[in-house]
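The values are calculated or read from the model by the stated rules, or taken from the named source; none is laboratory data. Note that the coordinates shown come from a computational prediction; the quantities given were computed from them, not determined experimentally. Here the Cβ positions follow ideal geometry from the backbone for every residue, glycine too, while neighbour counts run over all protein chains shown. Ligands, DNA and RNA are stripped out before the accessible areas are found, and what is left, the full protein with its side chains, is counted by its heavy atoms. Shrake-Rupley method; radii C 1.70, N 1.55, O 1.52, S 1.80 Å.
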Amino acid sequence: MLSSKFALYIHIPFCVSKCSYCDFCSFVPKEKQVKDYINALKKEIITAGQRVGGRLVTSVYIGGGTPSTLPPNAIVEIMDCVREHFIVLNACSVTIEANPNTFDKNKAKEYMLAGCSRLSLGLQSHSPHILKILNRAHNFDDCEKAIQNALFYNIQDINVDIMLGVPNQTMKDVKETLKRVVKLPITHISAYGLICEPNTPLTRSIEQNKLSLPPEELAVDMYDYTVKFLEKNGFYRYEISNFAKTGYESEHNLNYWKRGSYLGLGLGAHSFLDGTHWQNTENFKEYIKNPTLCQKDIERETIKTAKEETIMLALRTTQGLNIKEYNEMFDGNFLQEYRSVLEKLLKENLIEITNGVIRIKNMYISNSIIAEFF
Ligand SMILES: C[S@@+](CC[C@H](N)C(=O)[O-])C[C@H]1O[C@@H](n2cnc3c(N)ncnc32)[C@H](O)[C@@H]1O
Ligand code: SF4
């Protein structure tokens with residue numbers, strides 16, 4: 001349940017355009033901002049390497065934003081800087097995110113040279129009308145081409161993101177997207193239920209009744225269908241939103257869910273190291289001015305928060321929460337500590353306990369089940 005691994009997350013906050021639903025720390029940059037950012041990021045990597053570089057890095061995730069919008073050679077420069085200042089495991093998994101329409105053959109070659117072993121593509125949907133609502137500037141063919149480009153340069157571990165519960169999305173749209181996606185030569189699929197983030201154009205359109213979300217019942221059906229269809233086609237669910245062919249689970253995400261250490265580098269990046277959480281500033285100017293001294297919300301974990309986080313993260317996975325491991329980790333007695341909530345959830349048939357492991361039975365409502373523990 002507890003990972004001893006050490007991961008790096010590198011944030012690239014730039015996109016070609018802003019999607020209607022997205023509130024990630026990302027924007028459409030000016031050329032000078034890109035240059036300034038790469039310099040600041042390298043400065044942060046060097047300083048971080050001096051502080052904590054003695055640990056063995058077991059996975060790297062370059063996310064965003066859209067890393068594939070960076071100018072040629074930037075990813076090689078960034079990864080060279082990482083390898084110079086950190087000890088990186090030879091077989092380290094290096095994932096990079098890309099939009100299907102910003103991932104051509106040159107990018108694929110560059111990422112291969114930078115040592116990227118895994119590609120994550122944001123497809124979202126096969127349906128043009130859904131891509132339009134999401135303000136996505138690509139189509140399904142772009143995604144197929146991007147995958148071919150990656151395979152050409154031997155990047156074979158490929159994830160595709162899709163979204164469920166989008167306004168105007170029908171069950172037919174979901175079925176068509178899934179049917180097409182499982183035929184792609186990929187190893188991993190993330191299926192995210194739309195989160196209506198405040199102050200995004202999509203949420204405003206919903207609030208103004210210009211668009212409406214699919215009814216809750218349909219959203220549940222979409223998720224259930226997705227789980228069953230993907231499992232039937234060789235992608236097994238190992239976390240609420242994540243499905244993989246056997247052996248292709250995301251190493252980086254597994255480390256998060258097992259509460260392993262990770263260092264976030266770049267604008268707005270989160271870190272968890274030596275029992276402390278913090279986040280880099282999300283203010284671009286502030287970051288560029290001082291990328292090594294821009295940490296905020298520094299919070300030392302307590303036994304209570306560590307327990308809560310362990311329960312929350314473990315119950316999101318299909319592996320579940322191992323009671324013996326929990327008891328050893330906290331020198332506690334899980335069954336006694338949570339007796340009343342466990343009795344309630346068992347009675348309502350929302351969880352199961354088998355061979356000393358607790359699992360949630362209906363992942364779709366996992367948030368409300370997990371909330372019962374706090
Ligand atoms: C941070 S994005 C990075 C990938 C890349 N920028 C892209 O969008 O293609 C990772 C994924 O998060 C998902 N996502 C982003 N905002 C979301 C939201 N509000 N609700 C659900 N999923 C979301 C999308 O599926 C997206 O592909
Ligand atoms: S491309 Fe990805 S990060 Fe950029 S705005 Fe769209 S969802 Fe957000």
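Taking into account only those residues within segment 1-51 that are touching a Pro at 6+ places or on another chain (Cβ under 7 Å) and polar (S, T, N, Q), which is farthest from Ile323 (Cα to Cα)?
Here the answer is Ser20.
Taking segment 198-215, which residues are within 16 Å of ligand 1 (Cβ to nearest atom), at negative phi and of a type outside the set (Ser, Thr, Tyr)?
Pro198, Pro201, Leu202, Arg204, Ile206, Glu207, Leu211, Leu213, Pro214
If the requirement is being outside any helix (DSSP H, G or I), touching a residue at least 60 places away in the same chain (Cβ under 8 Å) and open to solvent by less than 40 Å² (accessible area, probe 1.4 Å), which of these qualifies: Thr47, Thr58?
Thr58
Please go through segment 1-36 and pick out each residue that is farther than 23 Å from Asn253 by Cβ and within 16 Å of ligand 1 (Cβ to nearest atom).
Val16, Ser17, Lys18, Ser20, Phe27, Val28, Pro29, Val34
Quickly run through segment 328-374 and pick out the residues that are hydroxyl-bearing (Ser, Thr, Tyr) and open to solvent by less than 80 Å² (accessible area, probe 1.4 Å).
Those that are hydroxyl-bearing (Ser, Thr, Tyr) and open to solvent by less than 80 Å² (accessible area, probe 1.4 Å): Tyr338, Thr354, Tyr364, Ser366, Ser368.
Considering only residues that are within 18 Å of Ile133 (Cβ to Cβ), assigned to a helix (DSSP H, G or I) and open to solvent by less than 20 Å² (accessible area, probe 1.4 Å), look in segment 174-195 and name the one that is nearest to ligand 2 (Cβ to nearest atom).
Thr177
Suppose we filter segment 196-252 for residues that are among the small types (Gly, Ala, Ser) and surrounded by 13 or more Cβ atoms within 10 Å (Cβ to Cβ); how many remain?
Qualifying residue count for the region: 5.
Just give me the residues in segment 79-93 being open to solvent by less than 40 Å² (accessible area, probe 1.4 Å) and out of contact with any Lys or Arg (no Cβ under 7 Å at 6 or more places or on another chain), in sequence order.
Those that are open to solvent by less than 40 Å² (accessible area, probe 1.4 Å) and out of contact with any Lys or Arg (no Cβ under 7 Å at 6 or more places or on another chain): Met79, Val82, Phe86, Val88, Cys92.
Within segment 263-319, considering only strands (runs of 3 or more DSSP E) that don't extend past its boundaries, which have at least 3 residues that are open to solvent by 50 Å² or more (accessible area, probe 1.4 Å)?
Fully inside segment 263-319 and qualifying: 295-300.
Residues in segment 102-117 that are without any contact (Cβ under 8 Å) to a residue 60 or more places away in the chain, open to solvent by 10 Å² or more (accessible area, probe 1.4 Å) and not in a loop (DSSP other than H, G, I, E, B): how many?
Total satisfying the criteria: 7.
Consider Ala7 carefully, then state whether it is open to solvent by less than 10 Å² (accessible area, probe 1.4 Å), in a helix (DSSP H, G or I) and at pLDDT 95 or above.
Criteria not met by Ala7.
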